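Take a look at the structure below.
The values are calculated or read from the model by the stated rules, or taken from the named source; none is laboratory data. Bear in mind the structure is a predicted one, so any value in this text is a computation, not a measurement. FYI the Cβ positions are ideal-geometry reconstructions off the backbone, even for glycines, and counts take in every protein chain you see.
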């Protein structure tokens, strides 16, 4: 089928008959090697590109980016690394139209997580997408619906889920080592600088800015709304809560669930109420999201909190960023390179060192593409619930009051709160497809 027909069928809400047939009959893998397209390759995406190009059983056939200078530099890097020069493209859907491509890998800004994931699932491809799972609550839910409907493997980029360090602390908690647990917390205090208030300016040469905006509103180009700093604006990012906070909350939620299960209990998948306080309390710059924030997640019988201070680097429990779970016989503090267990009197009784596992997380995704088993950060069971905590915290902060959450309807309790479930408007033609919830 001609590529143009495929693009017309997947950009809008409708799904082409070709896509449906392709997805229904897509083989798990054509051969022993996995062929991928990596898109959004400047920052975190550049690291992902290097990771996947390093895997011995992966071929990077396409590299996709909307900045020509970044695109050509990354193509050259892959060629130097692997001896095979990938094709440079600016439209990821070209790769989805290629039957030899098995998966799409996205290191794009948050507002470009949902549509590539949904389109990849519709085209019968598997997906590795960076965190959080989308720009807003409805995007994440629709991504899960697409994954389930088209029976695809979708791995979220919360690498701790594949880390030996985190596996070892969960094993410790699963033994009931800290007793009765009712509380966990996550925090972030990595110092960041002001992004300033630069004026709007011309679009840099070689940048497809209109496509970069995608579903977001049309605005003049501003250097602080583009590379790296996009995450601090409502249109494109989810603030530091969705940037680094999702990693801390994911580990804290995982630890709380594991410790609670060791008691013969279970914590609900989603919180029933969420409150958030904070704001722009330090920086006087263009950033829209808070630089200081406290979020509380109320589960029946349990409490999870998140603390964020991006204007200082004061450590909590001797960790600049981390998570902790507290019981009546002790507590555990989990950092990026170690975890420590303390008894009820605060005495250190166990310590284990390790690190995050980018290579292992990518390899887990490739392995699960072959086995069709759920990956370590499966979108439905791991990635979406942890991402949802970020979206809910941001919604509560923007609303300025406690919100409730109904997991059956994905409602936040009332019409005023529900305005933060999704965007007010998706700019055409980048509309979010309507996919039935299975």
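Numbers for the structure displayed
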{"read-out": "Test: residue 133 is free of Cβ contacts under 8 Å to residues at least 12 places away in the same chain, under 23 Å from residue 113 (Cβ atoms) and not assigned by TED's automatic domain parsing to the domain that holds residue 316", "value": "no"}
{"read-out": "Qualifying residues in the stretch 123-138 (those that are closer than 16 Å to residue 393 by Cα and within 13 Å of the chain's Cα centre (by Cα)) - the one surrounded by the fewest Cβ atoms within 10 Å (Cβ to Cβ)", "value": "136"}
{"read-out": "Options 413, 383: the member that is in a loop (DSSP other than H, G, I, E, B) and either modelled with pLDDT under 95 or under 24 Å from residue 248 (Cβ atoms) (or both)", "value": "413"}
{"read-out": "Subset of the stretch 401-410 [touching a residue at least 12 places away in the same chain (Cβ under 8 Å) and either in a loop (DSSP other than H, G, I, E, B) or outside the structural domain of residue 234 (by TED's automatic domain parsing) (or both)]", "value": "401, 402, 405, 407, 410"}
{"read-out": "Failed condition for residue 366, given (1) in contact (Cβ under 8 Å) with a residue 60 or more places away in the chain; (2) outside the structural domain of residue 172 (by TED's automatic domain parsing); (3) over 19 Å from the mean Cα position of the chain (by Cα)", "value": "(3)"}
{"read-out": "Test set (1) in the same structural domain as residue 113 (by TED's automatic domain parsing); (2) in contact with a strand residue (DSSP E or B) (Cβ under 8 Å, 6 or more places away or on another chain) - residue 327 fails condition number", "value": "(1)"}
{"read-out": "Unique residue being outside the structural domain of residue 115 (by TED's automatic domain parsing), modelled with pLDDT of 95 or more and under 23 Å from residue 48 (Cα atoms) when the list is 175, 167", "value": "167"}
{"read-out": "Flag for residue 341 being in the same structural domain as residue 262 (by TED's automatic domain parsing), modelled with pLDDT of 95 or more, more than 18 Å from residue 151 (Cα to Cα) and surrounded by 22 or more Cβ atoms within 10 Å (Cβ to Cβ)", "value": "no"}
{"read-out": "Scan of the stretch 79-115 for residues that are in contact with a strand residue (DSSP E or B) (Cβ under 6 Å, 6 or more places away or on another chain), within 16 Å of residue 126 (Cβ to Cβ) and in contact (Cβ under 8 Å) with a residue 40 or more places away in the chain, ordered by number", "value": "92, 95, 100, 101, 102, 103, 104, 105, 106"}
{"read-out": "Exclusive hit being modelled with pLDDT of 95 or more and either closer than 20 Å to residue 32 by Cβ or surrounded by 23 or more Cβ atoms within 10 Å (Cβ to Cβ) (or both), set 80, 98", "value": "98"}
{"read-out": "Selection count, the stretch 333-380, where residues are closer than 28 Å to residue 301 by Cα, in a strand (DSSP E or B) and in contact with a helix residue (DSSP H, G or I) (Cβ under 6 Å, 6 or more places away or on another chain)", "value": "2"}
